[in-house]
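Report on the structure given below.
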Amino acid sequence: MAKEGNLEAPTRHALGWESPDFYNEEKCFDELERIFDICHGCRRCVSLCNSFPTLFDLVDESSTMEVDGVDKKDYWKVVDQCFMCDLCYMTKCPYTPPHEWNLDFPHTMLRAKAIKFKKGEVGAAEKFLASTDTHGSFAGIPIVVQAVNAINKTDAARSIMESVAGVDKNAWLPTLATQKFRSSAPDAQASKVVDGEKTPGKVAIFSTCYINYNEPGIGHDLLKILDHNDIPYVLVEKEKCCGMPKLELGDLDSVKDSKEANIPVLAKYAKDGFAIMAAVPSCALMFKQEIPLMFPDCSDTQLVKDAMWDPFEYFMARKRDGLLKTEFPQKLGNISYQIPCHGRVQNIGRKTEEMLKMIPDTEINTIERCSGHAGTYGVKKGSHEMAMKIGKPVFKAMATMKDGSKPDFISSDCPLGGHHIAQGFEVNGLGAPELNHPLTLVRKAYGLK
């Protein structure tokens, strides 16, 4: 007899993407129909993203007002609105495995996206947007960086980018760094390794594309916090994009290429007893969840999964080991902080909030809802406006502290999400508090320059 919803935590099946049936469009659409019918009867996820309102509108406007009345060609409209945040699976759906209905909405969307990619129906502009190592290659080149950044701010360039590359001319775009993080990071000050009961005493940093090419300051703040806590660190010997942008596109062969470049390198650090750390939640999630589910039989992948840490997950475990400095001489006032989706689905709890609450004379207003940015979704012409609409409840909730006062800082572990929120404040006339990454806030609270 079927149970009405799970009484157990959701589990995840391996993706099975190398099976020929994975790319069988007819079988995929049969599964989409099965899942859509369950979702139509439930509707708990209607507020999460635009996939669900799109589906339910299609059903409600069909001749039967059931899923069987929806033209299967319109299934793609639902698929295209999914940006793989995973929140429906991890926080809402009562029918995920081990429930017998075995519903995995995000990975079924991923399967459909992979079929679309295999069929050659993903355009060159979308492929370029997902090629972070390609556009990041200009970072750190004198004169070129300044020229690219200046051109990208002009109305003419933005109009061209919108028509040619599909980048919405109103969307916030990151600038290229004048110096890459990997080439400017100093050596660690500490050398003595002090392992805790819960934590390795040395850290290997996976820089991530965004921090390396766009905001190296976040990475430098992480290194300063590690130095302050006498934790030796190294940057991993070499790295390639984690593969998340390609995953969201359905380009699983490129994800495999990234895996084959990164996992052998990272596995050496895991075997040597390092905590591997990525300061962008989506990148950490790739190594903790998506790549292990794509390659469940790869022992090195599983080693890296077990060794991968979110920075604040590590710091709070370090605190429990009695090995984290907890004196913060600098108060920060009011902070409105958003927990990003890919931080939530790591199942680590609210570790960033926990550390921010340790800072004296500092109030934290925590918002646990999607900002709407979702990687390339937030900058594309076809979805930027919807991304701003999805994020609007977050912008409004972050604009006022619980006591009615205004925030001095806004913050998110996701750097792109943070800038999306800052744009939402500007567009909606909600004030202009300073945007700082949580690592930057902790560095300031420690009184570090």
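The values are calculated or read from the model by the stated rules, or taken from the named source; none is laboratory data. Worth saying up front: this structure is predicted, and the values here are computed from it rather than measured. Neighbour counts run over all protein chains shown; Cβ positions are idealised from the backbone, glycine included.
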Do we find a residue being more than 23 Å from the chain's Cα centre (by Cα) and under 24 Å from residue 392 (Cβ atoms) anywhere in the stretch 40-50?
yes
If you go through the stretch 403-420 one residue at a time, do you hit one that is surrounded by fewer than 19 Cβ atoms within 10 Å (Cβ to Cβ) and without any contact (Cβ under 8 Å) to a residue 24 or more places away in the chain?
yes
Pair list, Cβ < 6 Å and 6+ apart or interchain, from the stretch 171-189 residues that are more than 16 Å from residue 137 (Cβ to Cβ) to residues that are assigned to a loop (DSSP other than H, G, I, E, B):
171/379; 188/232
May I ask you to list the residues in the stretch 180-225 that are of a type in the set (Lys, Arg), more than 21 Å from residue 242 (Cβ to Cβ) and either surrounded by fewer than 21 Cβ atoms within 10 Å (Cβ to Cβ) or not assigned by TED's automatic domain parsing to the domain that holds residue 239 (or both)?
192, 198, 224
As an exercise: evaluate residue 441 against (1) outside any loop (DSSP other than H, G, I, E, B); (2) surrounded by fewer than 19 Cβ atoms within 10 Å (Cβ to Cβ); (3) among the aliphatic types (A, V, I, L, M) and give the number of the one condition it does not meet.
(2)
Residues of the stretch 434-449 classified as among the β-branched types (Val, Ile, Thr) and farther than 19 Å from residue 324 by Cα, total
0
Matching entry among 91, 54, 96 (being over 30 Å from residue 163 (Cα atoms), at pLDDT 90 or above and of a type in the set (S, T, N, Q)):
96
On the basis of being touching a residue at least 40 places away in the same chain (Cβ under 8 Å), out of contact with any Lys or Arg (no Cβ under 7 Å at 6 or more places or on another chain) and buried (at least 18 other Cβ atoms within 10 Å of the Cβ), does residue 248 make the cut?
yes
Given the options 366, 352, name the one that is of a type outside the set (A, V, I, L, M), more than 15 Å from residue 172 (Cβ to Cβ) and crowded, with 23+ Cβ neighbours inside 10 Å.
352
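Yes/no matrix, rows are residues, columns are (1) under 30 Å from residue 108 (Cα atoms); (2) modelled with pLDDT of 95 or more; (3) in contact with a Lys or Arg (Cβ under 9 Å, 6 or more places away or on another chain); (4) not hydrophobic (A, V, I, L, M, F, W, C):
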site	(1), (2), (3), (4)
203	no, yes, no, no
212	no, yes, yes, yes
226	no, yes, no, no
232	no, yes, yes, yes
252	yes, yes, yes, no
267	yes, yes, no, no
283	yes, yes, no, no
303	yes, yes, yes, no
311	no, yes, yes, yes
Does residue 95 satisfy being crowded, with 20+ Cβ neighbours inside 10 Å and among the aromatic types (Phe, Trp, Tyr)?
yes
From the list 284, 261, which one is buried (at least 23 other Cβ atoms within 10 Å of the Cβ) and not basic (Lys, Arg)?
284
State whether one or more residues within the stretch 287-307 are buried (at least 23 other Cβ atoms within 10 Å of the Cβ), at negative phi and of a type in the set (Phe, Trp, Tyr).
yes
Counting just the residues of the stretch 137-151 that are under 27 Å from the mean Cα position of the chain (by Cα) and outside any helix (DSSP H, G or I), which one comes out farthest from residue 246 (Cα to Cα)?
140
Conditions first: (1) touching a helix residue (DSSP H, G or I) at 6+ places or on another chain (Cβ under 7 Å); (2) assigned to a helix (DSSP H, G or I). Residue 44 passes all but one, so which condition is the exception?
(2)
